[in-house]
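Beneath this line is the structure, given in structure tokens, with notes to follow.
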Number of protein chains: 2
Amino acid sequence: MSQATDHTYPTRQLCEFLARFTLADVPADVVERTKDLFLDWIASAIAGKDAPAVRKLQEFAAAMGPQQGPAEVLVDRRRTSPYFAALINGASSHVVEQDDVHNGSVLHPAAVVFPAVIAAAQAEGKSGAEVLLASIAGYEAGIRIGEFMGRSHYRVFHTTGTVGTLAAAAAVAKLYGMDAEGINQALGSAGTQAAGLWEFLRDAADSKQLHTAKAAADGLMSAWIARAGFTGAKRILEGPQGMAAGMSSDANPAALTDGLGKRWATAETSFKFFASCRHTHPAADALKDLMLREKISADQIASVTAHVHQGAIDVLGPVTDPKTIHQAKFSMGTVLGLVAVHAHAGLGEFEDHALQDAKVAALRDKVEMELDDEINAAYPRQWIGRVTVRTTDGRTLAGRVDVPKGDPGNTLSRPELEAKALQLGAFRHGASEAEMRAIIARVWALEKQASVNDWLPVAK
Amino acid sequence: MSQATDHTYPTRQLCEFLARFTLADVPADVVERTKDLFLDWIASAIAGKDAPAVRKLQEFAAAMGPQQGPAEVLVDRRRTSPYFAALINGASSHVVEQDDVHNGSVLHPAAVVFPAVIAAAQAEGKSGAEVLLASIAGYEAGIRIGEFMGRSHYRVFHTTGTVGTLAAAAAVAKLYGMDAEGINQALGSAGTQAAGLWEFLRDAADSKQLHTAKAAADGLMSAWIARAGFTGAKRILEGPQGMAAGMSSDANPAALTDGLGKRWATAETSFKFFASCRHTHPAADALKDLMLREKISADQIASVTAHVHQGAIDVLGPVTDPKTIHQAKFSMGTVLGLVAVHAHAGLGEFEDHALQDAKVAALRDKVEMELDDEINAAYPRQWIGRVTVRTTDGRTLAGRVDVPKGDPGNTLSRPELEAKALQLGAFRHGASEAEMRAIIARVWALEKQASVNDWLPVAK
């Protein structure tokens, strides 16, 4: 069979599914969950207002992009071209570390999929139902590609930057109504632009925002140019000089087609309850649970061992002495310190207590991470939280949470999601309470919205 | 020593050199050679006019970028922001495969460095001398980073896409007058965006143009945002989660600082004499030489074995049945066929004879590549050309060229460079002869030009 007509390779089978499915094929609870994810995203993106890294990319967009256009930049209430709107909304989505995460792929789909889809949809006059369908395509593709790339990829590469580019491309190509061939071309151009290294963690540098910004924007670009006829590699994922060949040593092609049309990976996505790196959440949950159960306070803790998977050590290990609030979100000690001292590690606790609080700092220095074989084997399918606390009076206490708060089996209710969205909107005065309540109402009826433009009024 | 004050790592040492050197430190012949490289580049970029892949990126830029600005797009004589000018000029620089190449790094520096530097310089009102200095910084950085990433990188990654992003970033950061810290930050943001996979070769897809386009544009972006204060990883190259950790198995940190201030790698760059992938050139030279010496014609050739290095097999091996002129530039058989039948494989020969000429096709099928230990060991420092020809009357003839035409030891003279530039300008009517002659005169006095704007008049 010639390569030109061989449609049996995994990337192509994924594209065939993505081109084919309609909203009628998606179970109603998955559509509802996608609306939950959308609300969680838009509130996160609004909360990125005034973050320095986002500000600098806004300056770049002002210098390099058009001063007007069809697409909305949430943090400054201006309009520009879809490319730059995706760039800025992508950057702002991830900076407060409150956006969603899919466990098995260790991908943050919202931060890359929704900024690209909304920017493209606003330019094309698409409806809420079309946005939901396209976004589900982006989640289904991105999650499977993340699982395909494997754990070896995540050790060096920020999957949300690399795989996120393809997730955004798949979503926008679906929004454009492209066929399997077109989606395949879009993935080809996206995969050959896929980038993002973890090295920035060591310097607390701004790259994480650049990764989501560029994944969203370059994914949108890939779909746009594919629609114009610009071609890319067909086997960009599994080919001998494709993404897996270059950036993975444990790629699993079967993951690309896993349960297509039966397994809705979108609904497996977790919400963040704590405002920190997801790798800190299982242990934070376990510690919180233990302290409530045993009725101990932070003063009574002599040491905490967080039993973790290898990925947590890879990402959090370099952060021993956090200098910024953003870096503190990657410090296991800080997160457990906030939970122990202030009972929560939300946006407010990070702002007020992550860096200057002596009690939190004291507890931070009592925390160590230890690789745990059982937890490591279960990861990334299951993110088990386990801590061992030694008390000042000599007791050894064990805490464990099998399904951390925010996971599908322990998800946030709509009232909890609304409360979180209101907090995110208020965080940097990104949106007034009335504006956030209007957004919430619109999202709960997203499938009925004829337009997805103008979530916030244009700045005067 | 804390990481924050440790400036002894190789990336930093490279940055210290890049920040420090002035045009007075550069030997006069290196400056003159840089002008040769600049002329060869601008003519290549003009020759990319009307190439379909470039056209589609022009459409993207028209949709997403501003309709006016300070930076010149050579192929359409319009002006836009530096980001989009770098994108389009980067795309058009490489499409006719006539731009320069550095052997040791297997990097095409011109296609990524000059588009970024010129776009940034036009926006900032920089002079020709400043452009030369910045471009030399881009070449010196890019070549060393390419050598650092090693041969393992090039097997899967298109070094001009990946490393090219850092070369462009270093050049623009130097143009901006940034210090070592700033250049380091720019490289951090560039390295975490570095991408480009060879997989597209198998499908004759358009990605090669996307790679140079994005390397130039994203490199410029990296320097721009670094100047605005956006931070990146310091040890982006050699760090435990940096580029080498993710994308190389034979990285050599010593290459990053090799001969800084003494070895001027810029002047090691080769010009292309044939309009094809550089990996075909040594064998093409050897065949041409053999046929002249032995006075044989294409009809007398029964078979040709091209003795090559592994990189040639990796890049050219997938191309067995070229379907487009661009793909034919990666077919060893086609290139040797053109040389045998038409005595040259220039732009005109590719246009007229690469795909439809029965004699060329017949010879193409008589060519095979064979890995040669001596040639492979010398590569990439030296690109030796060796062919074995079996004639129809039963003779076995050997051809060999140690320094292929265009290499520093066998370079193009200024009259040859001018003739090549005039051909490139005429190729798609990208510039009139009078316009090309004006460009040539301006380039030969580049160090005296107060402005680098308006190489071609604005379209009416």
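The values are calculated or read from the model by the stated rules, or taken from the named source; none is laboratory data. Predicted model, so just to flag it, every value in this text is computed and none were measured. Positions of Cβ are generated from backbone atoms using ideal geometry, with glycine treated the same way; all protein chains shown enter the neighbour counts.
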Going through the stretch B:345-359 in order, the residues found to be closer than 22 Å to residue B:404 by Cα and either among the β-branched types (Val, Ile, Thr) or surrounded by fewer than 16 Cβ atoms within 10 Å (Cβ to Cβ) (or both) are B:348
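For every residue, the table says whether it meets (1) at pLDDT 95 or above; (2) in contact with an Asp or Glu (Cβ under 6 Å, 6 or more places away or on another chain); (3) surrounded by 15 or more Cβ atoms within 10 Å (Cβ to Cβ).
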site	(1), (2), (3)
B:326	no, no, yes
B:401	yes, yes, yes
B:415	yes, no, no
B:424	yes, no, yes
B:430	yes, no, yes
B:438	yes, no, no
Within the stretch A:29-52, residues of a type in the set (A, V, I, L, M, F, W, C) and within 20 Å of residue A:113 (Cα to Cα) come out as A:30, A:31, A:37, A:38, A:39, A:41, A:42, A:43, A:45, A:46, A:47
Only one of (1) touching a strand residue (DSSP E or B) at 6+ places or on another chain (Cβ under 8 Å); (2) at the interface with chain B (Cβ under 7 Å from one of its Cβ atoms); (3) over 27 Å from residue A:57 (Cα atoms) does not apply to residue A:229, and that is (1)
Taking the stretch A:78-109 and keeping only residues that are out of contact with any Ser or Thr (no Cβ under 8 Å at 6 or more places or on another chain), in a loop (DSSP other than H, G, I, E, B) and at pLDDT 95 or above, one is left with A:81
Within the stretch A:381-399, the residues that are over 14 Å from residue A:296 (Cα atoms) and in contact with a helix residue (DSSP H, G or I) (Cβ under 7 Å, 6 or more places away or on another chain) are A:383, A:384, A:385, A:386, A:387
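Answer yes if at least one residue in the stretch A:348-369 is within 22 Å of residue A:105 (Cβ to Cβ) and in contact with a Leu (Cβ under 9 Å, 6 or more places away or on another chain), and no otherwise.
Looking for residues that are within 22 Å of residue A:105 (Cβ to Cβ) and in contact with a Leu (Cβ under 9 Å, 6 or more places away or on another chain), one finds none in the stretch A:348-369, hence no.
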Could you tell me whether residue A:14 is within 14 Å of another protein chain (Cβ to nearest Cβ), touching a residue at least 60 places away in the same chain (Cβ under 8 Å) and over 25 Å from residue A:271 (Cα atoms)?
no
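Determine which member of the set B:239, B:219, B:188 is surrounded by 24 or more Cβ atoms within 10 Å (Cβ to Cβ), within 15 Å of residue B:162 (Cβ to Cβ) and facing chain A (nearest Cβ under 7 Å).
On the way: B:239 fails: within 15 Å of residue B:162 (Cβ to Cβ); B:219 fails: facing chain A (nearest Cβ under 7 Å).
The conditions single out B:188.
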Note: among B:246, B:317, just one is without any contact (Cβ under 8 Å) to a residue 12 or more places away in the chain and within 14 Å of another protein chain (Cβ to nearest Cβ), namely B:246
Only one of B:98, B:67 is farther than 30 Å from residue B:22 by Cβ and touching a helix residue (DSSP H, G or I) at 6+ places or on another chain (Cβ under 6 Å), namely B:98
Restricting attention to the stretch A:303-335, the residues that are more than 25 Å from residue A:382 (Cα to Cα), assigned to a loop (DSSP other than H, G, I, E, B) and under 23 Å from the mean Cα position of the chain (by Cα) number exactly 2
Being closer than 30 Å to residue A:320 by Cα, aliphatic (A, V, I, L, M) and more than 7 Å from chain B (Cβ to nearest Cβ) narrows A:180, A:204 down to just A:204
Exactly one of A:71, A:91 is more than 12 Å from the chain's Cα centre (by Cα), within 14 Å of chain B (Cβ to nearest Cβ), surrounded by 24 or more Cβ atoms within 10 Å (Cβ to Cβ) and in contact (Cβ under 8 Å) with a residue 12 or more places away in the chain, and that one is A:71
